[in-house]
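The values are calculated or read from the model by the stated rules, or taken from the named source; none is laboratory data. Given the structure is predicted, the values throughout are model-derived calculations rather than measurements. Cβ coordinates were reconstructed from backbone atoms using ideal geometry, including for glycine residues, and neighbour counts include every protein chain displayed. Just so you know, the surface numbers come from the protein's heavy atoms only, side chains and all, with ligands and any DNA or RNA stripped out. Shrake-Rupley method; radii C 1.70, N 1.55, O 1.52, S 1.80 Å.
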Amino acid sequence: VIRCRAAVAWAVGKPLSVEEVEVAPPKAGEVRVKIVATGICHTDEHILEGSFPNVDFPVIPGHEGAGIVESVGEGVTSVKPGDKVIPLCLPQCGECSFCLNPESNYCLKCHVSEPQTVLPDKTSRFTCKGKQIHHFLWVSTFAEYTVIPEYAVAKIDAAAPLDKVCLLACGFSTGYGAAINTAKVKPGSTCAVFGLGGVGLSVIMGCKAAGASRIIAVDINSDKFAKAKELGATHCISPHDFKKPIQEVLTEMTGHGVDYSFEVIGLADTMTAALASCNMNTGVCVMVGVPASGSVISFDPMLVLSGRTWKGTLLGGWKMRDCIPKLVASYLEKKFNSDVLITHTLPIAKVNEGFELLRAGK
């Protein structure tokens, strides 16, 4: 058993509490990882607000991490102690019908199909003050050590800087892949991106890499425009600067609407606005932002009946175990610069300050 620090969420609406926890050794098919760095993603905020489905408290959140294998359980062959790895919040078991489908990146072992609040044998590896602590998406990267099923871990290049590539575990991969894999943005096309957090900025990088000629960034926080332009946005607009709905503004700017739109906020109103802002026949709108659980959208069916495509993306469409090592290789070859998404670096003891910065849009 390893004793280490972890940021524990004891109850909904309470700040995280940095505690000493005990982390049990890995059982068969499991890997114990020393987490070196983790990003804070808005999905972790959804847990604290109580708006993420099927989470049991107390829980150790965090799902955007990178670390080093400390030990492995019986039968584990894909990684060994000392390997650098990225824990995967979307597993790839390699055996279910989705994993076997080359066009799918879903896995029946993922949280959407079965809650991942305990490991597959239905027990937890975390205890604190004599209490069992739940896992989050099997990764719980807000702990200095965590135990994960082997099929939710990807081995990466030993040269990768873990404090930079941790972003590839969720935020960057989701946004970049939404443009490249899900929308399949074509060269010369026009795009609109709603929401300029880390994931929205990653969508912009993906649109630029795919050769889009116009990338219109939309956010009510104009402080985010400079970074959006640095990463490839050609125009930045705030809905607060117009009297008419933003979809009308985008349609006027482009003639008939954009070719591709991306909603990276997770609000019903912006989802329908993003749909309406792409052109009525061949336009593609991709939902990237995660809405609060129980959200419902009402929209005019003519928006889709005329030919538009409305689709969602799950972690950018990447088959995670197969693709994360390749994305890390692309990062090392400087094919994209995800480092610009890092605004602050804090010790785990200041994790609540990190959430304050997130809530302030900083």
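Ligands, DNA and RNA aside, Met302 has an accessible area near 110 Å² when probed at 1.4 Å.
Express in Å², to the nearest 10, the accessible area of Lys155 obtained by rolling a 1.4 Å probe over the protein heavy atoms while all chains stay in place. Roll a 1.4 Å probe over it and Lys155 shows about 100 Å². Using the Cβ-Cβ distance between His344 and Thr282 with R0 set to 45 Å, the FRET efficiency works out to roughly 0.65. Measuring between their Cα centroids, segment 308-331 and segment 345-362 lie 27 Å from each other. Of the residues Glu70, Glu150, ranked by 1.4 Å probe accessible area with the largest first, the sequence reads Glu70, Glu150.
Only protein atoms count toward the accessible area here, which uses a 1.4 Å probe; on segment 268-358, the carbon and sulfur part of that area reaches 57 percent.
Residues His42, His135, His240, ordered by accessible area of protein heavy atoms at a 1.4 angstrom probe radius and largest first, appear as His240, His42, His135. For the chain, what is the accessible area per residue in Å², given a 1.4 Å probe and the full set of protein chains? Per residue, the chain has 43 Å² of solvent-accessible surface. Here Leu305 sits with roughly 140 square angstrom of accessible surface, probe radius 1.4 Å. Mind giving me the nanometre distance, one decimal, between the label points for Glu20 and Val296, set 7 Å out from Cα along Cα→Cβ? Here the modelled spin labels are 5.1 nm apart.
Under the combined filter of DSSP loop state and at most 11 neighbouring Cβ atoms within 10 Å, segment 1-108 retains none of its trypsin sites (Lys or Arg not before Pro). Here the calculated FRET efficiency for Asn352 and Cys4, from their Cβ-Cβ distance with R0 = 22 Å, stands at 0.75, rounded to the nearest 0.05. A Förster distance of 22 Å, applied to the separation of the beta-carbon atoms of Lys80 and Leu332, puts the FRET efficiency at 0.55. Spacing of the modelled spin labels on Ala11 and Ser306, each 7 Å from Cα toward Cβ, amounts to 5.1 nm.
One Cα centroid belongs to segment 193-234, the other to segment 237-285; the line between them spans 14 Å.
Membrane-span-like helices in the chain, defined here as complete DSSP H runs extending at least 27 Å along the helix axis by their C-alpha atoms with mean Kyte-Doolittle hydropathy no lower than -1.0, are absent; this is a sequence and geometry rule, not a statement about a membrane.
Please give me, ordered by residue number, the chymotrypsin sites (Phe, Trp or Tyr not before Pro) of segment 189-244 that lie in loop per DSSP and have at most 12 other Cβ atoms within 10 Å. Of the chymotrypsin sites (Phe, Trp or Tyr not before Pro), the ones in loops of segment 189-244 whose Cβ has at most 12 other Cβ atoms within 10 Å are Phe242.
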